[in-house]
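The values are calculated or read from the model by the stated rules, or taken from the named source; none is laboratory data. Keep in mind the model is a prediction, meaning the values are calculated, not measured. Cβ placement follows ideal geometry from the backbone for every residue including glycine, while neighbour counts extend to all protein chains displayed. The protein model used for the area step is the full one, side chains on, heavy atoms only, and it has no ligands, DNA or RNA in it. Shrake-Rupley method; radii C 1.70, N 1.55, O 1.52, S 1.80 Å.
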Amino acid sequence: MHTGVHGELLKIEHLSFSYEKGQEVLTDINLVAHDGESIGIIGSNGIGKSTLMKLLVGLYPDYNGVLEVAGHTVDKKNLSHVREHIGYVFQDSESQLFLSTVEDDVAFGPQNYGLSKEEVERRVSEALAKVHIEHLRKFQTYKLSGGEKKLSAIATILSMEPDIIIMDEPSIALDPRNRKNLIKILREISSLKLITSHDLDFIMDTCERTILLDDGRIIFDGPTSEIMHDEKLLTDHGLELPLRFSGV
Amino acid sequence: MNSIERNLNELNKIQNLQQRSHWMNDLHPMGKLLLGVVYILTVVSFGKYELVPIIMMAVYPIFGFIVGELSFREGIYRMRLILPLILFVGILNPFFDRDVVLRIGNLSVTGGMLSMLTLMLKGFFSVLSAYILIATTSIDDICYALRTIHIPKVIVIVIMLIYRYFGVMGNEADRISTAYRLRAPRQNGINYKAWGTLVGQWLLRSMDRANIVYESMLLRGFKGDFFVHKKGVRKTDIIYVAFWLLLFAAIAFGRRFM
């Protein structure tokens with residue numbers, strides 16, 4: 001839950017991880033992120049972006065190095081604390097929504113943390129308002145469109161008022177209007193955001209800082225405006241210039 | 001629409017029924033569950049020749065369908081897989097029990113015919129009462145009622161998760177079968193040679209998706225128990241349940257005088 005923690009919210013030092021012994025997916029990752037930042041994580045397919053995100057929320061607790069979320073070390077005994085501070089919006093919104101109605105799904109997190117009925121109600125209303133889907137409150141989740149599902153999935157995380165929000169490919173399968181709407185909403189959210197995406201235009205519109213990953217290592221960590229103009233760096237690591245610069 | 005899509009649609013329609021705004025849906029789930037269980041126990045407790053009290057027990061499903069504004073035709077359609085089994089249960093009775101127990105004009109009714117009919121009605125009414133419960137009570141409410149009567153948490157969670165994952169598995173099956181049909185337009189159904197691979201793929205993909213659902217639950221503080229809205233018991237709930245329980249009791253005890 002949002003604790004009002006300011007400053008350093010995420011600290012990663014010399015992080016390495018492998019699914020199988022001897023085959024490192026991530027190698028010597030170092031990263032510090034602060035409250036209010038919006039960080040894009042880019043890289044070609046299969047270079048470890050999603051793995052890094054899942055490490056942050058403790059889904060893979062066996063790693064080497066230092067991993068701290070809002071001052072809590074990410075390990076088995078701390079998972080509950082860690083997950084109070086960090087929310088994860090999955091790429092597949094359909095799988096993220098598992099309760100009958102949007103309202104029930106958005107209330108699921110706060111209820112699990114034992115908040116009072118009034119507080120749950122307040123959080124649900126605020127989360128729905130933040131993503132402008134108050135009208136979908138009583139809707140059944142299976143009836144939603146792709147864009148509505150994505151916004152509902154974001155609301156399920158916002159209701160937990162996390163300090164950090166992780167989003168895995170949030171713009172995927174959204175039509176232009178929903179995409180534009182999502183960009184506007186993300187700009188309005190004040191938490192630290194980590195957004196993985198192949199959609200570099202989307203990253204340009206939502207993140208001021210970008211991290212480029214390749215072969216399990218951080219290749220670049222700096223201003224988005226800088227890397228998005230660096231055609232050589234992008235192409236050397238399996239990416240292309242954003243569409244708006246590529247002349248397509 | 002293929003059969004999987006049709007079945008998923010049916011599941012969605014049941015969910016629509018559960019979510020509608022109707023006073024029967026608003027009744028306390030505990031009361032509805034209790035009534036459903038007591039009704040079935042009462043119906044099956046009648047003897048094999050006790051046709052009259054069993055017919056009288058039809059009042060509950062008839063009330064449920066009419067007042068609950070449920071379509072009888074759709075109810076029967078949704079129960080189509082179970083109904084043939086029920087009808088089959090007593091089908092051999094007339095061959096074994098040939099003693100005449102009743103004469104209606106020239107027609108001799110044997111014990112086997114009577115017991116076949118009572119068995120069929122027992123099954124039929126039990127299924128209809130279960131349908132009324134399902135159509136007016138969401139899975140969350142049913143699980144809440146189960147927890148209230150101290151059914152172990154682990155069993156209730158398993159029921160709930162099976163229900164959740166049922167949709168996930170259905171969607172995957174639908175995607176796989178659609179992808180197959182679109183690339184095998186001249187085939188009628190799925191070739192038996194492809195069944196092994198498709199079922200394997202289906203299970204693996206369903207497991208992946210179920211895993212995402214589970215991870216999503218974990219990341220939102222799930223610790224092995226679903227939160228359920230506690231519902232207060234109102235006067236209407238008590239009157240509704242008491243009325244039906246008294247009626248069931250009256251029919252059950254009154255059969256001695258029939």
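Tabulated data
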{"item": "The listed residue being out of contact with any Ser or Thr (no Cβ under 8 Å at 6 or more places or on another chain), touching a residue at least 12 places away in the same chain (Cβ under 8 Å) and surrounded by fewer than 19 Cβ atoms within 10 Å (Cβ to Cβ), out of A:143, A:130", "result": "A:130"}
{"item": "Considering residues of segment A:72-81 that are buried (at least 17 other Cβ atoms within 10 Å of the Cβ) and either at pLDDT 90 or above or farther than 21 Å from residue A:110 by Cα (or both) only, the residue nearest to the other protein chains (Cβ to nearest Cβ)", "result": "A:74"}
{"item": "Conditions (1) over 30 Å from residue B:19 (Cβ atoms); (2) part of a helix (DSSP H, G or I); (3) hydrophobic (A, V, I, L, M, F, W, C); number of the one not met by residue B:102", "result": "(2)"}
{"item": "Residue satisfying all of: in segment A:155-173; of a type in the set (Asp, Glu) and farther than 17 Å from residue A:201 by Cβ; most open to solvent (accessible area, probe 1.4 Å) among these", "result": "A:161"}
{"item": "Residue tally, condition surrounded by 18 or more Cβ atoms within 10 Å (Cβ to Cβ), part of a helix (DSSP H, G or I), more than 8 Å from every other protein chain (Cβ to nearest Cβ) and without any contact (Cβ under 8 Å) to a residue 12 or more places away in the chain, over segment A:93-122", "result": "0"}
{"item": "Residue in segment B:43-59 that is open to solvent by less than 60 Å² (accessible area, probe 1.4 Å), at pLDDT 90 or above and among the hydroxyl-bearing types (Ser, Thr, Tyr) present", "result": "no"}
{"item": "Search result, residues across segment B:3-39 that are more than 14 Å from every other protein chain (Cβ to nearest Cβ), crowded, with 19+ Cβ neighbours inside 10 Å and either outside any helix (DSSP H, G or I) or of a type in the set (A, V, I, L, M, F, W, C) (or both)", "result": "B:27, B:28, B:30, B:33, B:35"}
{"item": "Qualifying residue in segment A:20-31 (condition: outside any helix (DSSP H, G or I) and within 23 Å of residue A:190 (Cβ to Cβ))", "result": "yes"}
{"item": "Qualifying residue in segment A:34-45 (condition: open to solvent by 20 Å² or more (accessible area, probe 1.4 Å) and either part of a strand (DSSP E or B) or among the basic types (Lys, Arg) (or both))", "result": "yes"}
{"item": "Cβ-Cβ under 9 Å pairs, at least 6 apart or on other chains, segment B:7-27 side assigned by TED's automatic domain parsing to the domain that holds residue B:174 and over 15 Å from residue B:140 (Cα atoms), far side open to solvent by less than 40 Å² (accessible area, probe 1.4 Å) and not in a helix (DSSP H, G or I)", "result": "none"}
{"item": "Residue within segment B:224-241 that is in a loop (DSSP other than H, G, I, E, B), more than 14 Å from chain A (Cβ to nearest Cβ), in contact (Cβ under 8 Å) with a residue 40 or more places away in the chain and not hydroxyl-bearing (Ser, Thr, Tyr) present", "result": "yes"}
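Here is a yes/no grid of residues against (1) in a helix (DSSP H, G or I); (2) more than 14 Å from every other protein chain (Cβ to nearest Cβ):
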| residue | (1), (2) |
| --- | --- |
| B:116 | yes, yes |
| B:125 | yes, yes |
| B:130 | yes, yes |
| B:165 | yes, no |
| B:173 | yes, yes |
| B:180 | yes, yes |
| B:185 | no, yes |
